[in-house]
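Here the structure comes first, spelled out in structure tokens, and everything after it is commentary.
What follows is calculated from the coordinates using simple rules that are stated; it is not laboratory data. Every value quoted in this text rests on a predicted model; they were computed, and no experiment measured them. Cβ coordinates were reconstructed from backbone atoms using ideal geometry, including for glycine residues, and neighbour counts include every protein chain displayed.
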Amino acid sequence: MGSIVATAVVAHQPMVMVPEAVRVELGGTGADTTLIEPGYRRLREAFAELEVNTFVIIDTHWFTTTEHVIAGAARFAGRYTSEEMPRNLCDVPYDYPGAPELARAWHEVGKERGLYTVNVTTASLPQHYATVNLVHHLRRGQDVLSSGVVQTAGMDDYLALGGALAEAVRRVPGARVAVLGSGGMSHEFWPLAKIRQHFGYDASHVISAAARDMDARILGLWERGDHAAVLELYPGYLGRFHPEGRFAHYLMALGAMGGARCTAKGVRLSEYENAVGTGQVHVLFRTEGGAP
């Protein structure tokens, strides 16, 4: 029987893929982003300690409309150039094994539970940097299964899909899974006329004090393991502060941890930072033996 041994909310902002000298220069203060060091290093260390052999990446740049799409190919290889940020991500090579057995199981559980899932087994499925960046920084031999975010779905849909993932993992012998919710927190960019004044990583550049305060409130609830309170805040958070990917990366991960009854405490592995107006952070939730 497989188990989910950790979940995490993991930032993927494009600057993590440019050379250090460029990152420091654009940051404007002589300091680098903490998402790479110590952030990604701490995540790698935790995954090594927990003997993670499979990543499930919930990709907030991969939007679907009528169904939950799972990338079930046996392998993905090629070069990736971002249509959004080609200056930062151009011809990035990727080559990693998928997790087809887990993909099949997730789709099967989805069908059993009346969810709208589809398992796409073609390797030509397009990549997105919410997956590519994490594979680059975190993968050390793990299989990788990514899924999209249904833009027409609601909180209960995302939680249900995460719950189906937990059952699917249990059906895959030997799977030791980390669910990586790849995305940010509050997610509003500065206007183009002002955006270059806000390239700094310091949280003071996040779009507004209200957004910073709400992100801080959610971070505090995560650290206390009060996920039920986060769910209560979700409608207002979504409507006013537009968390990345409708916050589906967190909600699906939470569903895999048991939903509202989950009390797993989050540990912050990076500073809370800005990326051109948006809130960015790495938070790890250890689930050890798996979701309830």
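Arg41 versus Ile195, label points 7 Å from Cα toward the beta carbon: distance in nm?
3.1 nm
How far, in degrees from 0 to 90, does helix 100-112 lean away from the longest principal axis of the Cα atoms of the chain, to the nearest 10?
Approximately 70 degrees, to the nearest ten.
At most 10 other Cβ atoms within 10 Å plus a DSSP loop assignment makes a site exposed; report the longest stretch of the chain without any exposed trypsin sites (Lys or Arg not before Pro).
Details: sites that count: Arg87, Arg140.
That gives 141-292 as the longest site-free run.
Taking θ as phi - 60°, what are the ³J(HN,Hα) couplings along the stretch 213-220 by the Karplus curve (6.51, -1.76, 1.60), each to the nearest whole Hz, with x for Gly and Pro?
Couplings: 5, 5, 4, 5, 4, 5, 4, x Hz.
Relative to the longest principal Cα axis of the chain, at what angle does helix 129-138 sit, 0 to 90 degrees, rounded to 10?
It works out to around 90 degrees.
What 222 nm value per residue comes from the helices of the chain, counting each DSSP H run with n ≥ 4 as -39,500 (n - 2.57) and dividing by all residues, nearest 500 deg cm²/dmol?
-10500 deg cm²/dmol
For the chain, with the dipole built from +1 on Lys and Arg beta-carbon atoms and -1 on Asp and Glu ones, taken about the Cα centre, which of Cys262, Ala123, Ala153 lies farthest toward the positive end?
Farthest along the dipole direction, towards plus: Cys262.
Tell me which chymotrypsin sites (Phe, Trp or Tyr not before Pro) from the stretch 76-174 have a DSSP coil assignment and no more than 16 other beta carbons within 10 Å of their own.
Of the chymotrypsin sites (Phe, Trp or Tyr not before Pro), the ones in loops of the stretch 76-174 whose Cβ has at most 16 other Cβ atoms within 10 Å are Tyr116.
Find the centroid of the Cα atoms in the stretch 201-221 and in the stretch 119-138, then give the distance between the two in whole Å.
29 Å
Among Ser147, Ser208, Ser124, which comes first, second and so on when ranked by fewest other beta-carbon atoms within 10 Å?
Going from least to most buried by this count: Ser124, Ser208, Ser147.
Hey, what angle do you get for helix 227-241 against the long axis of the chain, alpha-carbon based, 0 to 90 degrees rounded to 10?
50 degrees
Give me the dipole magnitude in Debye, nearest 20, for the chain about the Cα centre, with unit charges on the beta carbon: positive for Lys and Arg, negative for Asp and Glu. If you can, show how the numbers build up before the last one.
Details: 26 positive and 31 negative charges, 49 e Å.
It comes to approximately 240 debye.
Counting alpha carbon pairs within less than 8 Å and at least 6 residues apart, what relative contact order, in whole percent, applies to the chain?
Reported relative contact order: 32 percent.
Need the C-alpha centroid separation for the stretch 4-18 versus the stretch 40-115, integer Å.
12 Å
Which distance in nm do the two modelled labels at Glu84 and Gln151 give, with both placed 7 Å along the Cα-to-Cβ direction?
Label-label distance for Glu84 and Gln151, simple model: 1.2 nm.
Suppose every K and R has +1 on its Cβ and every D and E has -1 on its Cβ; what is the size of the dipole of the stretch 1-62 about the Cα centre, in Debye to the nearest 20? Write down the numbers at each step before the final one.
Working: 4 positive and 8 negative charges, 15 e Å.
The calculated dipole for the stretch 1-62 is roughly 80 debye.
So how do Ile195, Ile207, Ile36 line up by other beta-carbon neighbours within 10 Å, fewest first?
Fewest-to-most ranking of Ile195, Ile207, Ile36: Ile195, Ile36, Ile207.
Just want the ordering: Val10, Val24, Val172, from fewest to most Cβ atoms lying within 10 Å of their own Cβ. Display every interim value, and only then the final one.
Numbers: Val10 32, Val24 15, Val172 20.
Final ranking by Cβ density, sparse to dense: Val24, Val172, Val10.
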